[in-house]
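The values are calculated or read from the model by the stated rules, or taken from the named source; none is laboratory data. Being a predicted model, the structure only gives us computed values, none of them experimental. Every residue, glycine as well, gets a Cβ built from its backbone with ideal geometry; the counts of neighbours run over all protein chains shown.
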Amino acid sequence: MKRITVAKGDGIGPEIMDATLSIIKAAGAQIEVDEIEVGEKVYLAGNTSGIAKESWDIIRRNKVFLKAPITTPQGGGYKSLNVTTRKFLGLYANIRPCISLHPFVKTKHPQMDIVIVRENEEDLYAGIEHQQTDEVVQCLKLISRPGCEKIVRYAFEYAKNYDRKKVTCFTKDNIMKQTDGLFHQVFDEIAKEYPTIENEHWIIDIGAAKMADTPEAFDVIVMPNLYGDVLSDVAAQIAGSVGLAGSANIGEECAMFEAIHGSAPRRAGQNMANPSGLLQGAVLMLNHIGQTDVAEKVQNAWLKTIEEGIHTYDIYKEGISKQKVGTKEFAEAVIKNLGEKPTQLNAVSYAAGTSFNLPKYQRKAPKKKELLGVDLFVHWDGESADELAAMVQKINTSEATLSMITNRGIKVWPEGFPETFCTDHWRCRFKPVGTTELDKQQIVGLLEAASEHNIDIIKTENLYAFDGTPAFSLGQGQ
Ligand code: NAD
């Protein structure tokens, strides 16, 4: 018997949760439920995170959390419970299977059966943003080696356990050579440990176009957070309906399972909502807790019900559907089909138990780190890069001199183009004179001199080489 935490959420949440629990219990799920309250009522009672402290204790104790959608009240100040949960519990992997149910649910892609594995904690979603000048704001894109190793390994382990043939990686490392470059590099490293699973990498733009056009060319796709956020919705939509997909958020200790849709408040309390998305979340949960036989039974009964044309209003189509039903009646139909298998749709077969080999991250031996220079970012509202260079060169020392200025990454000095549009945010790169390395004290000296000359430094970035390889971007046009 496994204790799980359940939150019935808002809007259609309680109805679809009741339906889901009734189906999985009828299928023989060995679960005991601790119910907690999250969402609108908790927010409106003055708790800006939408969840009480005692509820965290229950979630952390049970480690498995099945969550119905919640309503985030309008107006500022309320933190997204989903984001908070993912971050607090370290749920680094978001798994979203997207399968078409042709011809029973309308789709342009009858053969589609893909799983999006999205990194869930870092990338631009670390939420580190600053305004630096009147005209420029920045968001830090952080990609870590442990983050990449964990998500890429999860994708391959998923493929191995669910008998998937190929893992594809999407990045934009032709442009972001450091951040996306690391993700791609780690993908190539870990792929070698799984010689029986095919692997490939696509640049995200053409990869996304291919996925939207020919999804049957893919199997499991792993990608960083932002791309995964966007493309997992695209994938769910083109499979047939965002209303039918569930997702798993997996961490080293805890895991959360949910439908991908929201609380649909206009449909609440009318016994209309489709419980399929949350049921798909519950199937992922049953597999996660090792009750794979129950997961298989539920999934095949659900596929059979869809195939029989027993549909809720959202997927009901004259000519295809046979019977329009409410939430409860749909659940009863699935329960009646427990033990049955679909005949036209592919029946699923989950191996007896899954075994994910996910070792804890081992920190690598540190590399030799050399300081090759420094970028000083300057807030200046002039227009001529030559003028700025003359001003900034006043802080040149016998050890470090200005070597380049860029504006929004494009080299504007020396030998810039007058056509290049410039903002008030300039990067001034200083390189050592003669020796190959700077020391930190020389950077402090540059900053002090800048302050004396009223040069408004808004940020510095050190330029490093690791084991002799320079690890920073050049100026575009350099
Ligand atoms: P939504 O997903 O609730 O609804 C979008 C459309 O899909 C609506 O027309 C709705 O009626 C329909 N729909 C959604 N789920 C359905 C189902 N199971 N059966 C039948 N029809 C269904 O998105 P929204 O309207 O943008 O958001 C409503 C609320 O949900 C907002 O407060 C939002 O913040 C919240 N939300 C919560 C989550 C979550 O808790 N994970 C996710 C997304 C949105």
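Here are some notes:
- Failed condition for residue 34, given (1) part of a loop (DSSP other than H, G, I, E, B); (2) acidic (Asp, Glu); (3) away from the ligand (no atom under 16 Å from the Cβ): (1)
- Considered as a group, the residues in region 15-31 that are under 21 Å from residue 266 (Cβ atoms) and of a type in the set (D, E, K, R) include one that is nearest to the ligand (Cβ to nearest atom), and that residue is 15.
- Residues of region 340-368 satisfying the condition of being within 30 Å of residue 472 (Cβ to Cβ) and either of a type in the set (Asp, Glu) or surrounded by 12 or more Cβ atoms within 10 Å (Cβ to Cβ) (or both): 361, 367
- All of 12, 4 fail the test of being within 15 Å of the ligand (Cβ to nearest atom) and modelled with pLDDT of 95 or more, apart from 12.
- Each residue in region 228-262 was checked for being within 11 Å of the ligand (Cβ to nearest atom), modelled with pLDDT under 95 and either among the hydroxyl-bearing types (Ser, Thr, Tyr) or over 27 Å from residue 110 (Cβ atoms) (or both), and 2 of them qualify.
- Residue under evaluation residue 195, criteria (1) surrounded by fewer than 22 Cβ atoms within 10 Å (Cβ to Cβ); (2) of a type outside the set (S, T, N, Q); (3) over 24 Å from residue 299 (Cβ atoms); (4) touching a helix residue (DSSP H, G or I) at 6+ places or on another chain (Cβ under 9 Å), criterion not met: (4)
- Qualifying residues in region 294-315 (those that are touching a Gly at 6+ places or on another chain (Cβ under 9 Å) and either within 18 Å of residue 244 (Cβ to Cβ) or modelled with pLDDT under 95 (or both)) - the one nearest to the ligand (Cβ to nearest atom): 314
- Beta carbons closer than 7 Å, at least 6 apart along the sequence or on distinct chains, pair a first residue in region 65-90 that is touching a residue at least 12 places away in the same chain (Cβ under 8 Å) and within 15 Å of residue 260 (Cβ to Cβ) with a second that is assigned to a helix (DSSP H, G or I) and of a type in the set (Asp, Glu) for 70/40.
- In region 356-385, of all residues being outside the structural domain of residue 462 (by TED's automatic domain parsing) and among the polar types (S, T, N, Q), the one that is farthest from residue 193 (Cα to Cα) corresponds to 362.
- For region 88-98, the set of residues classified as in contact with a helix residue (DSSP H, G or I) (Cβ under 9 Å, 6 or more places away or on another chain) and at pLDDT below 95 consists of 88, 89, listed by residue number.
- Condition check for residue 213: within 25 Å of residue 473 (Cα to Cα), charged (D, E, K, R) and modelled with pLDDT of 95 or more: no
- Condition met for residue 274 (within 16 Å of the ligand (Cβ to nearest atom), of a type in the set (S, T, N, Q), surrounded by 21 or more Cβ atoms within 10 Å (Cβ to Cβ) and assigned to a strand (DSSP E or B)): no
- The set of residues from region 43-70 being of a type outside the set (Gly, Ala, Ser), surrounded by 20 or more Cβ atoms within 10 Å (Cβ to Cβ) and within 13 Å of the ligand (Cβ to nearest atom) comprises 43, 51, 65, 66, 67, 69, 70.
- Filter pass, residue 209 being within 16 Å of the ligand (Cβ to nearest atom) and either without any contact (Cβ under 8 Å) to a residue 12 or more places away in the chain or under 22 Å from residue 91 (Cβ atoms) (or both): no
- For residue 75: the one exception among (1) surrounded by 15 or more Cβ atoms within 10 Å (Cβ to Cβ); (2) part of a loop (DSSP other than H, G, I, E, B): (1)
- Scope region 316-328; condition modelled with pLDDT under 95 and aliphatic (A, V, I, L, M); matching residues: 320
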